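Take a look at the structure below.
The values are calculated or read from the model by the stated rules, or taken from the named source; none is laboratory data. From a predicted model like this one, the values you see are computed outputs, not experimental measurements. Note that we place each Cβ from the backbone using ideal geometry, even for glycine, and neighbour counts take in every protein chain shown. Note: accessible area is taken over every heavy atom of the protein model, side chains too, but ligands, DNA and RNA are not part of it. Shrake-Rupley method; radii C 1.70, N 1.55, O 1.52, S 1.80 Å.
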Amino acid sequence: MSGTADVELLAPPLSELLSLERIDTGLYRGGRGHLTEGALYGGQVLGQALMACGATVNPDRTPHSLHAYFLRRGDASRPVVYRVENDRDGGSYSSRRVVAIQNGEVVLSMSASFRLRVGGESYVQVPEPEKAKPIHADPAVSLEVLVQKWPSAQEFFPREFWVRPNVPLPEDSSLMYAAAIAYMSDFSTGLDRRHEGKTLGPSLDHTLWFHSEANWRDWLIVEHAPGIVRGSRGWYSGTIRNGSGEVVASLAQEMVYREPR
């Protein structure tokens, strides 16, 4: 998750962050985070994990959904190794499991589903990104963000915003587009920063559904619904639409609230 800052912070191209090195069959390595200190951005692990799964799937299939659990804090100064298990390749769907490993410990486990390409679109009216306010994320992420609406003047995270990669992604790469959306899906939240004296903490689990083949060449608008907080855990959902109003993906995430340090 990211807040805002008054100065521009530079981050590497998103496609560079998502690229992996193949070590062996089902084994891949991602570069370290662009931040050399602190925790690894969860969206980077999600995106790289999806890239690792997709590298083992026939190119005629695109990501359909993913469900991930964040198990440990990742170290942004170290690379991440991804181990992919091939559960099934059916007539229309492929299923994969992947774990992200640092220092011999699993920091994330994820299941992902891929499907044959299919058609079908839906459209609704959306606002214009030109009327939104640009912000700079702190810590820096490899995204451009225009805030369409803040819940209130006191809120730390935007709940309706336009977003695109800081550098255009390679063309004709549906897997990279989907991984980039996974990277972005961990930006901001539908939850209040504080609740009953506790502060919003790390993610517990994260789910993302792709409703159409990802094609992220321009602005996407993200809308987070107000969340639910109970038992020191918060849950929220959101939709991701393109400029034509088509819902390209949906997300849900659960996060923990902790006593302030």
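Once neighbouring chains are kept in place and the probe is 1.4 Å, which whole percent of the accessible area of the chain is contributed by carbon and sulfur?
47
Between Ala179, Gly197, Ala225, whose Cα lies farthest towards the positive end of the dipole of segment 139-228 when Lys and Arg beta carbons carry +1 and Asp and Glu beta carbons carry -1, centred on the Cα centre?
Value: Gly197.
Under 5 Å between amide hydrogens, which residues at least 5 positions from Tyr257 or on another chain qualify, with H placed 1.01 Å from N in the peptide plane?
Close amide H contacts, sequence-distant or interchain: Gly201, Arg233, Gly234.
Determine the shape class of segment 177-231: with a ≥ b ≥ c the square roots of the Cα gyration tensor eigenvalues, call it rounded for a/c under 1.5, and otherwise prolate if a/b is greater than b/c, oblate otherwise.
Details: a/c = 2.67, a/b = 2.40, b/c = 1.11.
In terms of gyration-tensor shape, prolate.
Could you rank the peptides 141-148, 210-217 by their average count of other C-beta atoms within 10 Å per residue, with the highest value first? Show your work: numbers first, answer last.
Numbers: 141-148: 20.6, 210-217: 19.0.
Answer by packing, highest mean first, reads 141-148, 210-217.
Rolling a 1.4 angstrom probe over the protein heavy atoms, how many square angstrom per residue are accessible across the chain?
Per-residue accessible area for the chain comes out at 49 Å².
What are the residues whose amide H is under 5 Å from the amide H of Gly190, where those residues sit 5 or more places off or on another chain and H is modelled from the backbone?
none
So for the pair Arg72, Trp235, with labels modelled 7 Å out along Cα→Cβ, what separation do we get in nm?
Distance between the two pseudo-spin positions: 2.8 nm.
Which of Ala39, Gly234, Ile23 sits closest to the plus end of the dipole of the chain, meaning its Cα is farthest towards the positive end, when Lys and Arg get +1 and Asp and Glu get -1 on the C-beta?
Gly234
Bin by bin, in steps of 5 Å, what percent of the Cα pairs in the chain do you find, going until the bin that has the longest distance?
1, 6, 13, 18, 20, 18, 13, 7, 3, 1, 0
I need the GluC sites (Glu not before Pro) found in segment 6-95, filtered to DSSP loop residues with at most 12 other beta carbons within 10 Å of theirs.
Listed in order of number, the matching sites are Glu8, Glu37.
How large is the dipole of segment 30-108 about the Cα centre if only Lys and Arg carry +1 and Asp and Glu carry -1, each at its Cβ, rounded to the nearest 20 debye? Walk me through the intermediate numbers first.
Numbers: 9 positive and 7 negative charges, 16 e Å.
Dipole about the Cα centre, nearest 20: 80 debye.
I'd like the Kirkwood hydrodynamic radius of segment 132-225, using the inverse of the mean 1/r over distinct C-alpha pairs, in Å. Spell out each step's value before the answer.
Details: mean 1/r = 0.0688 Å⁻¹.
For segment 132-225, inverting the mean 1/r across all distinct Cα pairs yields 14.5 Å.
What value, in deg cm²/dmol to 500, does the helix sum -39500 (n - 2.57) over DSSP H runs of n ≥ 4 give at 222 nm once divided by the residues of the chain? Show your work: numbers first, answer last.
Values: 3 runs with 29 residues, N = 261.
Value at 222 nm, helices only, nearest 500: -3000 deg cm²/dmol.
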